[in-house]
Amino acid sequence: MKLSFKWLGDFMDTSVIESPKSYCDLLTDTGSKVEGYEILGEELENVVCAKLLSCEKHPDADKLTICQVDCGEESPRQIVTAATNMKPGDMLVLAKAPAKLAGGVVIKAGKLRGVESNGMFCSVAELGLTVHDVPYAVEDGLLVLEEDCRPGDDVRDVLDLRDTVIEFEITSNRQDCFSVIGLARESAVSYRTPFRLPEPSFRGVGQSASDYVSVSVEDSLCRRYCAAAVKNVKIAPSPKWMRSRLRAMGVRPINNIVDITNYVMLEYGQPMHAFDKEFLEDDRIVVRRAKAGETIVTLDEQERKLTEKDLLICDGKKPVALAGVMGGLNSEINPDTKTVIFESANFDGVSVRLTAKSVGMRTESSGRFEKGLDPENCLPALIRACQLVEELGAGEVVSGITDVYPSKPEQRRIPFEPERINKFLGTDIPEETMKEIFSRLEIRLEDGMLLPPSFRTDLVCFADIAEEVARMYGYNRIESTAFKVSARIGKRSAEHKFINRLHTICIANGLTEIETYSFISEKTYDLLRLKADSPLRKSVVISNPLGEDTRIMRTTAVGSMIETLVRNQAHRNESASLYETARLYFPGDDERVLPEERTSLVIGFYGDGDFYTMKGICESIAEKTLGAGDGAVKSYEIAAESGVEYFHPGRCAVLTKDGEKLMTFGEVHPEVMKNYGLEKKAYVAVIDVPALFRKSRTEAVYRDIGKFPAVTRDLAFVCDEDVQVGELEKIIIQSAGKHLESLRVFDIYRGEQVGEGKKSVAFKLVIRHPEKTLTDEESEKIVGKVRAGLERELGIAIRS
């Protein structure tokens, strides 16, 4: 951000500034970092106004002219030139030898074809200017001055080229400092001098802007929209003082209407736009999202394809501007424009940034909007633009202004805690000094609460307030001291400790840890047989991927595990038992919200074990995290599962607790094995770590070792093939009662002795009473309850 010293003088007394260097040092000390400064016009030396007295042809050159000029000296000066666009009486710009021009060009006296020449007439280019800076100048000829000046006057004063420009590096949180007023306010506070901000106003003539155009805001991304109408517009060059200030700030002057919008943007930090009313169909302005397939040709004559997320300014039928980015070519100001509609609006910063990014165009306007502007600034900026229109005679401003402001932001309130501020900063600043600082910063103090002004969007919490005190009190005045806070010992969170426990359990089960990339290819989902409408296919897309195979962030790590198993198989490893605590990424409905990250524990092996090996590993993890349960009652349940695309439909199970799925494990589907080229049967488990953590038991429960002997009974039951063992276990546990200490399946038999479609499941029951030795009658009574329960619930009898 640049700042003109001349412009700064409109808002504060610049006589208090000793030098540009001292100003840069002070502003840097108070938090507004200065990159450097430039003294404009400094490179021009001995360049003055000169009145052409006479012209005569060079005796030895047809294209040269010998001129006599009055440049304020006692006698005329002779200049030889090849230019032709001048006549006696014209006021020209003369580089009196010796002189310096823009770009370090040095002019010396010399002879041209034997005739002495004591300088050189200048064009706008040789002064470092363009025809936009001096509208009446010709591009390929001498600059003939139209200003009121005398021979010998310094051209820097005549063309208003003298100024000092400061270059600031403004952080994105200080959006108020991307304006002359914002930097002037900071400068006045730093120098403890009054800040002057005249309230803009204009006279206006009859009617209202609503009589010329109606405004409708259909999307909440537009927080405020103000519009004003100017009739009988007279398009012309801007006055010299405005062109000079725009040039100093690095903005090219164009014409009075466009220059007014740029001038107000620089002064107030509020981007503006001007529409030619003649091209606004139905006399309407509608703020809405783009429709699918809609396009707009912007002022740079490029056609932009839009998405439904882009915010547009439209008339009754078509888009006329990309909100906060650039106007449309179909409504631009031209020399024949008669009625102008000025726009001063406030758009959502994130929306503007995403739109600018999607169309590949970042402008001065979008760069300001994306930092989050103050909606309260819209109306003053628009009034200032109307004031300039009247001052420049650029048209007649219609009296009424249209202001659509659905809801004002709430006033932020931050507690005033002087003691805490001193403790935080390590200072001893008096409370009254702090209050004086807040007063200069326009931060009100009411009932012990600080109320930041609307333009200070960066002040939201205690730390922000403490920083304001420190920077305005003076960082250099704060003495260096030792740390006044006690050191704290870092420690792992409960979730990190839980993940470390999972690492220990996995290693104890003979698994080796691996790490794989979080970004994968969409082809992985096809290899895993995921359905087209599977929620796992909805992935975060990387905008600048390393390649086609790393375009998306994974939503499952099963593919990464199988790829690693295949790699081990390719290296002739007979078996591999692996695990990974993988990060998964799930996009939200709103692009502005970061994706949800979850941790998943994935286990995979081949060559050494089967389905029951994987089941044992999962049960080991469950027992060590969920607890061992109460007696024979386990703390979890296992049931068959057949709906997971990448698992074998008949060799897959889920482990749940209280109805919540914690683990899914089983044999990899044969088609998936074929897709990846796996030759041996592989088994995979997917464990939801956050869910397991929520259900885990952190405290160990002590249980007395039984004092009395246990009774064991082996029971075998014949049931249908489709009856799950887990279902049998449930009924046995419910029927046996509280004295059943443990229950274990030790045999499953299928054969001629039990019949086709049947199986025999054998259980070992351990029964123990905590206060006595069970008699045979008491034990048989418990076994009888088990038989009766199974026969009642499933019609199953004991195998004879």
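Some observations on this one:
- Listed by first and then second residue, the pairs with beta-carbon distance under 7 Å, at least 6 apart or on different chains, first residue in segment 250-270 and more than 17 Å from residue 3 (Cα to Cα) and without any contact (Cβ under 8 Å) to a residue 12 or more places away in the chain, second open to solvent by 30 Å² or more (accessible area, probe 1.4 Å) and among the acidic types (Asp, Glu), form an empty list.
- The residue pairs whose first member lies in segment 1-14 and is among the basic types (Lys, Arg), whose second member is in a helix (DSSP H, G or I) and open to solvent by 30 Å² or more (accessible area, probe 1.4 Å), and whose beta carbons are closer than 7 Å, counting only pairs six or more residues apart or on different chains, are 6/245.
- Where a residue in segment 305-327 is without any contact (Cβ under 8 Å) to a residue 40 or more places away in the chain and its partner, wherever it lies, is outside any loop (DSSP other than H, G, I, E, B) and among the acidic types (Asp, Glu), with Cβ under 6 Å and at least six apart: 315/281; 316/281; 316/282; 317/281
- Restricting attention to segment 610-627 and to residues that are open to solvent by 60 Å² or more (accessible area, probe 1.4 Å) and part of a helix (DSSP H, G or I), the residue that is nearest to residue 639 (Cα to Cα) turns out to be 612.
Conditions (1) among the charged types (D, E, K, R); (2) over 30 Å from residue 694 (Cα atoms); (3) in a strand (DSSP E or B); (4) in contact (Cβ under 8 Å) with a residue 60 or more places away in the chain, marked per residue:
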{"residue": "439", "(1), (2), (3), (4)": "no, yes, no, no"}
{"residue": "445", "(1), (2), (3), (4)": "no, yes, yes, no"}
{"residue": "459", "(1), (2), (3), (4)": "no, yes, no, no"}
{"residue": "470", "(1), (2), (3), (4)": "no, yes, no, no"}
{"residue": "491", "(1), (2), (3), (4)": "yes, no, no, no"}
{"residue": "500", "(1), (2), (3), (4)": "no, no, no, no"}
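- Some residue of segment 36-56 being over 24 Å from residue 163 (Cα atoms) and touching a His at 6+ places or on another chain (Cβ under 8 Å): no
Let's see how each residue does on (1) touching a residue at least 40 places away in the same chain (Cβ under 8 Å); (2) not aliphatic (A, V, I, L, M); (3) not in a strand (DSSP E or B):
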{"site": "126", "(1), (2), (3)": "no, yes, yes"}
{"site": "149", "(1), (2), (3)": "yes, yes, yes"}
{"site": "161", "(1), (2), (3)": "yes, no, yes"}
{"site": "165", "(1), (2), (3)": "yes, no, no"}
{"site": "182", "(1), (2), (3)": "yes, yes, yes"}
{"site": "194", "(1), (2), (3)": "yes, yes, yes"}
{"site": "227", "(1), (2), (3)": "yes, no, no"}
{"site": "242", "(1), (2), (3)": "yes, no, yes"}
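- Residue list for segment 360-394, restricted to those being among the hydrophobic types (A, V, I, L, M, F, W, C) and more than 16 Å from the chain's Cα centre (by Cα): 361, 378, 379, 381, 382, 383, 385, 386, 388, 389, 392, 394
- Across segment 568-603, the number of residues qualifying as part of a helix (DSSP H, G or I) and loosely packed, with under 12 Cβ neighbours inside 10 Å comes to 1.
- Neighbours by Cβ (under 7 Å, 6+ apart or cross-chain): first from segment 380-401, closer than 16 Å to residue 226 by Cβ; second aromatic (Phe, Trp, Tyr) and open to solvent by less than 40 Å² (accessible area, probe 1.4 Å): 380/268; 381/268; 382/342; 384/268; 385/342; 388/263; 398/212
- For residue 429, the criteria (1) surrounded by 15 or more Cβ atoms within 10 Å (Cβ to Cβ); (2) in a helix (DSSP H, G or I); (3) not charged (D, E, K, R) hold in every case but one, which is (2).
- Members of segment 756-797 that are among the hydroxyl-bearing types (Ser, Thr, Tyr) and either open to solvent by 20 Å² or more (accessible area, probe 1.4 Å) or in a loop (DSSP other than H, G, I, E, B) (or both): 773, 775
- Number of residues in segment 644-701 that are small (Gly, Ala, Ser), assigned to a loop (DSSP other than H, G, I, E, B) and under 21 Å from residue 564 (Cα atoms): the value is 1.
- Counting only helices (runs of 4 or more DSSP H) wholly contained in segment 340-426, the ones carrying 3 or more residues that are crowded, with 21+ Cβ neighbours inside 10 Å occupy 349-358, 364-369, 378-392.
- Selection count where residues are open to solvent by 30 Å² or more (accessible area, probe 1.4 Å), of a type in the set (A, V, I, L, M) and in contact with a Lys or Arg (Cβ under 8 Å, 6 or more places away or on another chain), scope segment 144-169: 0
- Applying the set (1) without any contact (Cβ under 8 Å) to a residue 40 or more places away in the chain; (2) surrounded by fewer than 23 Cβ atoms within 10 Å (Cβ to Cβ); (3) of a type outside the set (Ser, Thr, Tyr) to residue 296 leaves exactly one unmet item: (2).
- Any strands (runs of 3 or more DSSP E) falling wholly within segment 5-80 and containing at least 3 residues that are within 30 Å of residue 178 (Cα to Cα): 34-40
- Within segment 745-758, residues that are modelled with pLDDT under 85 reach partners that are surrounded by 10 or more Cβ atoms within 10 Å (Cβ to Cβ) and in a loop (DSSP other than H, G, I, E, B) with beta carbons closer than 8 Å, at six or more positions or on different chains, in the pairs 754/799.
- When residues of segment 196-225 are limited to those that are outside any loop (DSSP other than H, G, I, E, B) and of a type in the set (A, V, I, L, M), the one least open to solvent (accessible area, probe 1.4 Å): 209
- Inter-residue pairs, beta-carbon under 6 Å, first over 20 Å from residue 65 (Cβ atoms) and open to solvent by 50 Å² or more (accessible area, probe 1.4 Å) and in segment 35-55, second in a strand (DSSP E or B) and not polar (S, T, N, Q), 6+ apart: 35/167; 37/166; 38/165; 45/99; 45/100; 46/96; 46/99
- Screening 103, 89 for residues that are small (Gly, Ala, Ser) and either within 22 Å of residue 44 (Cβ to Cβ) or in contact (Cβ under 8 Å) with a residue 60 or more places away in the chain (or both) leaves exactly one candidate, 103.
- For segment 720-739, the count of residues that are open to solvent by 40 Å² or more (accessible area, probe 1.4 Å), outside any strand (DSSP E or B) and closer than 30 Å to residue 496 by Cα is zero.
- Of all residues in segment 269-290, those satisfying the criterion of being out of contact with any Leu (no Cβ under 8 Å at 6 or more places or on another chain) and open to solvent by 30 Å² or more (accessible area, probe 1.4 Å) are 273, 277, 278, 279, 281, 282, 283, 284.
- Being of a type in the set (Lys, Arg), at pLDDT 90 or above and either out of contact with any strand residue (DSSP E or B) (no Cβ under 7 Å at 6 or more places or on another chain) or more than 28 Å from residue 114 (Cβ to Cβ) (or both) is not true of residue 63.
- Here 636, 606 are screened, and the one residue that is without any contact (Cβ under 8 Å) to a residue 60 or more places away in the chain, of a type in the set (Phe, Trp, Tyr) and open to solvent by less than 40 Å² (accessible area, probe 1.4 Å) is 636.
- Which listed residue is within 15 Å of residue 189 (Cβ to Cβ) and open to solvent by 70 Å² or more (accessible area, probe 1.4 Å), from 442, 479, 446: 442
Every residue, every condition in (1) over 27 Å from residue 642 (Cα atoms); (2) surrounded by 11 or more Cβ atoms within 10 Å (Cβ to Cβ), yes or no:
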| site | (1), (2) |
| --- | --- |
| 509 | no, yes |
| 523 | no, yes |
| 527 | no, yes |
| 532 | no, no |
| 543 | yes, no |
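The values are calculated or read from the model by the stated rules, or taken from the named source; none is laboratory data. Computed from a prediction, not measured in an experiment: that's the story for all the values here. Neighbour counts are summed over all protein chains in view; Cβ atoms, including those assigned to glycine, are modelled from backbone coordinates with ideal geometry. Calculation scope for accessible area: heavy atoms of the full protein, side chains included, ligands and nucleic acids excluded. Shrake-Rupley method; radii C 1.70, N 1.55, O 1.52, S 1.80 Å.
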